[in-house]
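Engineer: My questions all concern the structure below.
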Amino acid sequence: MDWNKYEAVIGLEVHSQMLTETKTFCGCSTKFGNPPNSNVCPVCLGMPGVLPVLNRRLVEFAIKMGLATNCRITPYSIFARKNYFYPDLPKGYQISQFEEPICVDGYVEIEKKDGTQKKIGLVRIHMEEDAGKSIHDQGKETLVDLNRCGVPLLEIVSKPDIRSGEEAYLYLQQIRQIVTYLGICDGNMEEGSLRCDANVSIRLRGETRLGTKTEIKNMNSFRNVERALDVEIDRQYLLIESGDRVKQETLLYDADTNEVRPMRSKEEANDYRYFPDPDLVPVVIDDAWIEKVRASQPELPMERRNRYMREFSLPKYDSEILTAEKEVADYYEEIVSGLKLKTEAAYKQASNYVMTDVLRVVNEKSVKIGEFTIRPSQLSRMIDLINEGTISTKLAKEVFDEMLRSGESPDSIVEKKGLRQLSDESEIGKVVEEVLQANPDEVGKYIGGKEKLFGFFVGEIMKKTRGKANPKMLNDLLRQKLDRLKN
Amino acid sequence: MDVTIKDVEHIAKLAKLNFSDEEKEKFTAQFNEILSFMQKLDELDTSKVEPLSHVIELENVMREDVVKPSLPTGDALKNAPSKTDKFFKVPKVIER
Ligand SMILES: [Zn+2]
């Protein structure tokens, strides 16, 4: 069987929950974790006779997202009713956008493992409201909590430009980075702040028509999206190769078994009978508004990564890790800006400390880097102390651990623990002399040609100075003395 | 295009309503009457008219993103035929 003659065609629909204070059309709080049915009012409960009023910040967030994804912002956009019955949707319709969504025709750039870049097109981004939550697992009845009902969402619809699970993963990662950098969504897929559905079909390479597609739901992590898509692509491939046909249906992904299986299909499910919502007037966005939002846009993840490579001469690998999360990037830059000795080497040292020591502890303790015990200014100082020659990198490790324990400043730790590096030539010279005198046999062997013993002497001297001898000075002095003995 | 009894059944199903055969016949006839009445509008030439989504000439009616008090949970649940002290209760639904 020749897999290669087929290609997968994937489009993703991402729902991103907005970090507004209030719901889309009423003043109820969007705060997560409040008691059930406490963030509700006549508007979001769908009582008769109420009027929805649009949250201005949602429009701003949508413009932000549109600009960040190279979309055209629609000067005139309208809301529509999407009609269906479900207990978590008390009005019997969801207010969404159908014709004239707020953003159209954009793209997101992804970079694959082999370094090639690819643009994934966006059809549209539109504003809509979330539904409530049904809790199924209690007895014969379903419980409904409407706190989430009416919370604003942006739905981001990609073009069918994605060709593999890997590309879908990278695309989602980009979307997540963009929304978190913009500060419009917390990006947490496990908690449902980002949700993703996929449309998948396969076709022979070179074919321009689309094959019959299936829709996959219930993929609640980035890895699950990648795995579910790969599973579904294989399934369709085997179906077609065995002469069968793909049936248009909705599938649910089961992460435990790594399988997709058909959702009991609801007849006439897609007849939403959209029509313009007469309760809501058009949203008109002029250039002045767009420019105002543009002026407040933060630096985006890709831009920031490229700047790190340029400005701090960091390798791409470092730059990617440091900029993957905005908070980590902010933390890193605070260290850099706090450095007295601003050299490329120091930038790289800072990067190493963040990537290994800081992120290791942050992940172990699963704390947010913003709440991490060691503050960036402490690390700036520690790196300066290394580069001034006050402490060795080896002793810096001790300083780091002590900062982690006590939160004290590097200077007071160095003082208290007497970690200051020994950089006095005559003192080191004295110790070198002592060590050589105490080990006449080894000195003899060294002179006789066993040069490996150099390391032995270094070790002995370090032991005597409790690791504090300035390594470069030690090396130079030791070599001088041994050379002199040789001749 | 005429509305058939099938269309009426489809619309009734979407609206979660059940009708007797008699009622279905009656609605089929009524739907057709309404549509043929509306077809009168086709006589107008609208090729130079912009589509209209709203009849009121207002735009950008918005509010600031400021939290207002919500209803007390007890009040929110007051009209519900079935409830617990915190939740609406509905017949078991499996999936959407
Ligand atoms: Zn409300």
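Engineer: Scan region A:95-133 for residues that are of a type in the set (S, T, N, Q) and surrounded by 21 or more Cβ atoms within 10 Å (Cβ to Cβ) and jot them down. Give the steps one after another, and end with the answer.
Structural biologist: Of the residues in region A:95-133, the ones of a type in the set (S, T, N, Q) are A:96-97, A:116-117.
A:Gln97, the sole residue that qualifies.
Engineer: Give the residues of region A:171-191 that are open to solvent by less than 30 Å² (accessible area, probe 1.4 Å) and part of a helix (DSSP H, G or I), sorted by residue number. Give the derivation first.
Structural biologist: Here is the first cut: in region A:171-191, the ones open to solvent by less than 30 Å² (accessible area, probe 1.4 Å) are A:171-172, A:174-175, A:177-179, A:181-182, A:184-185, A:187, A:189.
Matches in region A:171-191: A:Tyr171, A:Leu172, A:Gln174, A:Ile175, A:Gln177, A:Ile178, A:Val179, A:Tyr181, A:Leu182.
Engineer: Follow-up. Determine whether A:Leu45 is closer than 15 Å to A:Thr24 by Cβ and among the hydrophobic types (A, V, I, L, M, F, W, C). It would help to see each step written out before you state the result.
Structural biologist: Working: closer than 15 Å to A:Thr24 by Cβ: yes; among the hydrophobic types (A, V, I, L, M, F, W, C): yes.
So A:Leu45 fits the description; yes.
Engineer: So A:Gly27 ticks every box in (1) facing chain B (nearest Cβ under 10 Å); (2) open to solvent by less than 20 Å² (accessible area, probe 1.4 Å); (3) away from the ligand (no atom under 16 Å from the Cβ) but one. Which box is left unticked?
Structural biologist: (3)
Engineer: A follow-up question, please. Any residue in region A:215-227 that's closer than 16 Å to A:Thr250 by Cβ: show its pairings with residues that are of a type in the set (Val, Ile, Thr) and crowded, with 19+ Cβ neighbours inside 10 Å at Cβ separation under 7 Å, as long as the two are six or more apart or on different chains.
Structural biologist: From region A:215-227, the pairs are A:Glu215/A:Thr250; A:Ile216/A:Val200; A:Ile216/A:Val260; A:Lys217/A:Thr250; A:Met219/A:Val225.
Engineer: Out of A:Ser377, A:Ser351, which single residue is open to solvent by less than 30 Å² (accessible area, probe 1.4 Å) and in contact (Cβ under 8 Å) with a residue 24 or more places away in the chain? Before the answer, list the steps.
Structural biologist: Values: A:Ser377 fails: open to solvent by less than 30 Å² (accessible area, probe 1.4 Å).
The match here is A:Ser351.
Engineer: Return a yes/no flag: does region B:41-50 have any residue that is of a type in the set (Val, Ile, Thr) and in a helix (DSSP H, G or I). Even if it seems obvious, please write down each step before you answer.
Structural biologist: Our first condition is that a residue be of a type in the set (Val, Ile, Thr); within region B:41-50, this holds for B:46, B:49.
Adding the requirement that they be in a helix (DSSP H, G or I) leaves none.
Within region B:41-50 (the criterion being of a type in the set (Val, Ile, Thr) and in a helix (DSSP H, G or I)), the answer is no, since none of the residues qualifies.
Engineer: Continuing with the same structure: Looking at (1) open to solvent by 50 Å² or more (accessible area, probe 1.4 Å); (2) away from the ligand (no atom under 16 Å from the Cβ), find the lone condition where A:Ser77 falls short.
Structural biologist: (1)
Engineer: Assess whether A:Thr20 counts as being assigned to a loop (DSSP other than H, G, I, E, B), away from the ligand (no atom under 11 Å from the Cβ), open to solvent by less than 10 Å² (accessible area, probe 1.4 Å) and in the same structural domain as A:Tyr169 (by TED's automatic domain parsing). First the steps, then the outcome.
Structural biologist: Numbers: assigned to a loop (DSSP other than H, G, I, E, B): yes; away from the ligand (no atom under 11 Å from the Cβ): yes; open to solvent by less than 10 Å² (accessible area, probe 1.4 Å): yes; in the same structural domain as A:Tyr169 (by TED's automatic domain parsing): yes.
It is true that A:Thr20 is assigned to a loop (DSSP other than H, G, I, E, B), away from the ligand (no atom under 11 Å from the Cβ), open to solvent by less than 10 Å² (accessible area, probe 1.4 Å) and in the same structural domain as A:Tyr169 (by TED's automatic domain parsing).
Engineer: Hey, among the residues in region A:37-49 that are open to solvent by 20 Å² or more (accessible area, probe 1.4 Å) and within 9 Å of the ligand (Cβ to nearest atom), which one's farthest from A:Val283 (Cα to Cα)? Steps first, answer last, please.
Structural biologist: To start, the set of residues in region A:37-49 that are open to solvent by 20 Å² or more (accessible area, probe 1.4 Å) comprises A:38, A:42-43, A:46-49.
Keeping just the survivors that are within 9 Å of the ligand (Cβ to nearest atom) gives A:42-43.
Values: A:Pro42: 23, A:Val43: 20 Å.
Per the criteria, the residue is A:Pro42.
Engineer: Identify, from the list B:Lys68, B:Lys78, B:Lys6, B:Lys48, the residue that is more than 29 Å from A:Leu54 (Cβ to Cβ), of a type in the set (Lys, Arg) and within 14 Å of chain A (Cβ to nearest Cβ).
Structural biologist: Numbers: B:Lys68 fails: more than 29 Å from A:Leu54 (Cβ to Cβ); B:Lys78 fails: more than 29 Å from A:Leu54 (Cβ to Cβ); B:Lys48 fails: within 14 Å of chain A (Cβ to nearest Cβ).
It is B:Lys6.
Engineer: Within region A:50-74, count every residue that is in contact with a Pro (Cβ under 8 Å, 6 or more places away or on another chain), facing chain B (nearest Cβ under 9 Å) and away from the ligand (no atom under 16 Å from the Cβ).
Structural biologist: First pass over region A:50-74, keeping only residues in contact with a Pro (Cβ under 8 Å, 6 or more places away or on another chain): A:50, A:55, A:58, A:61, A:74.
Then drop every residue that is not facing chain B (nearest Cβ under 9 Å), which leaves A:55, A:58.
Subsequent filtering for residues that are away from the ligand (no atom under 16 Å from the Cβ) retains none.
Residues flagged as in contact with a Pro (Cβ under 8 Å, 6 or more places away or on another chain), facing chain B (nearest Cβ under 9 Å) and away from the ligand (no atom under 16 Å from the Cβ) within region A:50-74 amount to 0.
Engineer: Okay, moving on. Please find, within region A:234-246, the residue that is nearest to A:Glu7 (Cα to Cα) out of those that are in contact (Cβ under 8 Å) with a residue 24 or more places away in the chain and surrounded by 11 or more Cβ atoms within 10 Å (Cβ to Cβ).
Structural biologist: Step one: filter region A:234-246 for residues in contact (Cβ under 8 Å) with a residue 24 or more places away in the chain, giving A:235-237, A:240-241, A:245-246.
Pick out the ones that are also surrounded by 11 or more Cβ atoms within 10 Å (Cβ to Cβ) and you get A:235-237, A:240-241, A:246.
Details: A:Arg235: 13, A:Gln236: 11, A:Tyr237: 9, A:Ile240: 12, A:Glu241: 13, A:Val246: 15 Å.
Only one residue tops the list, namely A:Tyr237.
Engineer: Tell me, which helices (runs of 4 or more DSSP H) wholly within region A:383-487 include 1 or more residues that are within 29 Å of A:Val336 (Cβ to Cβ)?
Structural biologist: Working: elements: A:393-406, A:410-417, A:425-438, A:440-447, A:453-464, A:471-486.
Counting at least 1 such residues, we get A:393-406, A:410-417, A:471-486.
Engineer: A further question follows. Tell me which residues, restricted to region B:14-58, are open to solvent by 100 Å² or more (accessible area, probe 1.4 Å) and over 28 Å from A:Pro282 (Cα atoms).
Structural biologist: B:Lys16, B:Asn18, B:Asp21, B:Glu22, B:Glu25, B:Lys26, B:Glu33, B:Phe37, B:Lys40, B:Glu43 - these are the residues of region B:14-58 that are open to solvent by 100 Å² or more (accessible area, probe 1.4 Å) and over 28 Å from A:Pro282 (Cα atoms).
Engineer: Of all residues in region A:80-95, how many are more than 16 Å from the ligand (Cβ to nearest atom), facing another protein chain (nearest Cβ under 10 Å) and not aromatic (Phe, Trp, Tyr)?
Structural biologist: Count: 4.
Engineer: Within region A:146-160, can one find any residue that is out of contact with any strand residue (DSSP E or B) (no Cβ under 9 Å at 6 or more places or on another chain), part of a loop (DSSP other than H, G, I, E, B) and within 13 Å of chain B (Cβ to nearest Cβ)?
Structural biologist: So far as region A:146-160 goes, no, none of its residues is out of contact with any strand residue (DSSP E or B) (no Cβ under 9 Å at 6 or more places or on another chain), part of a loop (DSSP other than H, G, I, E, B) and within 13 Å of chain B (Cβ to nearest Cβ).
Engineer: Follow-up. Yes or no: A:Asn34 within 14 Å of the ligand (Cβ to nearest atom), within 23 Å of A:Leu194 (Cα to Cα), facing another protein chain (nearest Cβ under 10 Å) and open to solvent by 10 Å² or more (accessible area, probe 1.4 Å)?
Structural biologist: Details: within 14 Å of the ligand (Cβ to nearest atom): yes; within 23 Å of A:Leu194 (Cα to Cα): yes; facing another protein chain (nearest Cβ under 10 Å): yes; open to solvent by 10 Å² or more (accessible area, probe 1.4 Å): yes.
Criteria met by A:Asn34.
The values are calculated or read from the model by the stated rules, or taken from the named source; none is laboratory data. No experiment lies behind these values; they were computed from the predicted model shown. Neighbour counts run over all protein chains shown; Cβ positions are idealised from the backbone, glycine included. Heavy atoms of the whole protein, side chains included, go into the accessibility calculation; ligands, DNA and RNA do not. Shrake-Rupley method; radii C 1.70, N 1.55, O 1.52, S 1.80 Å.
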